[in-house]
Amino acid sequence: MTANGFGQSQLTILEALGGAEERVTHQVAEAFSLSNVNALNICAIDVVAGEGARVLPCATGLDDNLFEHDGQITKREIRAVTLSALAPRRGELLWDIGAGSGSIGIEWMLADPSMRAIAIESVAERAARIRRNADNFGVPGLTVVEGEAPSALADLPTPDAIFIGGGGSEEGVLPAAIAGLKRGGRLVANAVTTEMEALLIAAHAEHGGSLIRIDIARAAPVGGMTGWRPAMPVTQWSWVKPVGVKPSE
């Protein structure tokens with residue numbers, strides 16, 4: 001709590017209620033000093049947010065700076081559009097293929113306490129980072145699978161939605177995602193490379209769905225003045241798997 005700017009919050013710890021070791025203690029979070037707390041306890045928190053505290057808004061598209069990342073992150077504006085296309089619904093499961101920092105899966109889970117997500121990431125350092133981000137955002141239930149798609153997708157529970165970000169151009173990933181998706185499920189794939197874009201254009205021609213291109217520009221210094229610096233454009237294909245399609249198709 002202190003690390004996230006809530007150090008002035010008041011904690012009330014109720015231990016072993018009704019027993020011989022019953023104890024009630026009040027402490028401020030940043031001065032917490034209790035040890036040997038009884039395993040049977042209740043902790044009540046009177047939350048006090050300090051200046052600059054890590055307060056998460058309810059809207060999608062959280063600030064990129066809230067996530068620990070190495071640059072491999074679906075940027076804020078693109079993430080908001082992507083989550084809108086994924087359309088999370090209560091109790092659903094998401095596959096986040098090529099999860100990077102885990103931002104899509106984390107925001108998916110923040111939509112409702114019932115949401116579930118599996119982040120598939122082939123780079124061990126990034127997988128560890130996803131776990132840290134999940135803990136920091138209060139969604140430790142995010143499952144992280146270290147491995148490379150499509151082989152890492154084998155034996156995973158059937159998802160209600162799939163997002164393909166990094167690594168989507170690898171051979172067999174898109175067909176495996178289409179095959180693994182439940183009937184009526186949603187698939188959203190983003191491309192920043194021409195190779196991945198070509199795959200999405202072909203998928204759109206074969207399966208239909210929606211194909212959009214997202215261009216974002218940000219104001220930045222140009223000498224002593226200000227100008228627009230465009231980010232890499234993102235091509236996004238979103239598709240709902242028809243109910244009549246066989247699981248192997």
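Given Cβ point charges of +1 (Lys, Arg) and -1 (Asp, Glu) and nothing else, what value in debye, to the nearest 20, does the dipole of the chain about its Cα centre take?
Here the size comes out at about 640 debye.
From largest to smallest, what semi-axes in whole angstrom does region 106-183 give when each is the square root of 5 times an eigenvalue of its alpha carbon gyration tensor?
So the equivalent ellipsoid measures 21, 16, 9 Å along its semi-axes.
For region 47-154, give the magnitude of the charge dipole about the Cα centre (Cβ charges: +1 Lys/Arg, -1 Asp/Glu; no others), in debye to the nearest 20.
240
With N denoting the number of residues in the chain, provide Rg(C-alpha) divided by 2.2 N^0.38 Å, to two decimal places.
1.22
Once you compute Rg and the Kirkwood Rh from C-alpha atoms, what is the Rg to Rh ratio for region 120-249?
1.05
Using Cα pairs closer than 8 Å and at least 6 residues apart in sequence, work out the relative contact order for the chain, in percent.
Value for the chain: 13 percent.
Which percent of the accessible heavy-atom area of the chain goes to carbon and sulfur, probe 1.4 angstrom?
After summing per-atom areas, the C and S share lands at 54 percent.
Just to confirm the number: angle between the C-alpha axis of helix 194-207 and the first principal axis of the chain, 0 to 90 degrees, nearest 10?
80
What does the convex hull of the Cα atoms of region 35-155 come to per residue, in Å³, rounded to a whole number?
Cα-based convex hull of region 35-155, divided per residue, equals 168 Å³.
So what is the diffusion coefficient of region 159-220 in µm² per second by Stokes-Einstein at 20 °C and 1.002 mPa s, using a Kirkwood Rh over Cα pairs?
169
In Å², and per residue, what accessible area does the chain have when probed at 1.4 Å with the other protein chains present?
Result: 53 Å² of accessible area for each residue.
If every alpha-carbon in region 61-121 counts as one equal scatterer, what log10 I(q)/I(0) does Debye give at q = 0.21, 0.23 1/Å?
-0.77, -0.93
Evaluated at 4 °C with a viscosity of 1.567 mPa s, what Stokes-Einstein diffusion coefficient in µm²/s does region 1-58 have when Rh comes from the Kirkwood expression over alpha-carbon pairs?
It comes out at roughly 104 µm²/s.
The values are calculated or read from the model by the stated rules, or taken from the named source; none is laboratory data. What you are looking at is a predicted structure, and each value in this text was computed from that prediction instead of being measured. Ideal geometry is used to build each Cβ from the backbone, glycine not excepted, and the neighbour counts take in all protein chains shown. Each accessible area value is taken on the protein alone, full model and side chains, heavy atoms only, with ligands, DNA and RNA left out. Shrake-Rupley method; radii C 1.70, N 1.55, O 1.52, S 1.80 Å.
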